[in-house]
Structures are given as C-alpha cells and as structure tokens.
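Structure first, commentary second.
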Amino acid sequence: MREPVKYLKETKEGETFMLDFFEKEIQKAKEETMKEAEAKIREIEKARKTEEKARKQAEKQAKQAQKAEEKAS
C-alpha cells in the first residue's frame, strides 16, 4: 500500500495521474450538473406554458361570462 501512495504523492508521473483523474471527475460532475439544470429548465418552461394557457383560458371565460351578463341585463 505504501508504494502506490508514495508513487502518487512523490513522483511527477503520480502527480500527473492524479491531476488528470481529478480533472476528468470534475468534468463529469460539470456535465451531470448541466444535464440536471437543463432538465429543470425544461420543467420550468413547460410549467410556464401550462400557466399561460390556463391564464388565457380563464381570461376567455371571464370575457364570455361578462358578455353573457351584459346580454342578460
């Protein structure tokens, strides 16, 4: 166990190996985070569209009710 640790800590090759390893892990984490963020953005956009559609429908119904009330008067 000592030799591999010594290699990683005390040699240029070991240092390079560890730097490469951590850079790859960081890149993987960044990519995963971006995918998660993009999925959340799609969810938010979908919710906004649904809300906008519901708002327009409510406005349409309110206008229809107002017209019906005016006709009834």
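The numbers here are math on the coordinates, done by the rules we state, and not lab data. Keep in mind that what you see is a predicted model, and the values were worked out from it rather than measured. Positions of Cβ are backbone-derived with ideal geometry, glycine not excepted, and every protein chain shown enters the neighbour counts.
Considering the dipole of the stretch 2-72 built from charges on the beta carbon (Lys and Arg +1, Asp and Glu -1) around the Cα centre, which of Ala37, Gln27, Ala62 is farthest to its positive end?
Ala62
Note the listed values (1) 29.8, 94; (2) 16.1, 46; (3) 10.6, 32, then indicate which one is Rg and Dmax of the Cα atoms in Å calculated from this particular structure.
Answer by label: (1).
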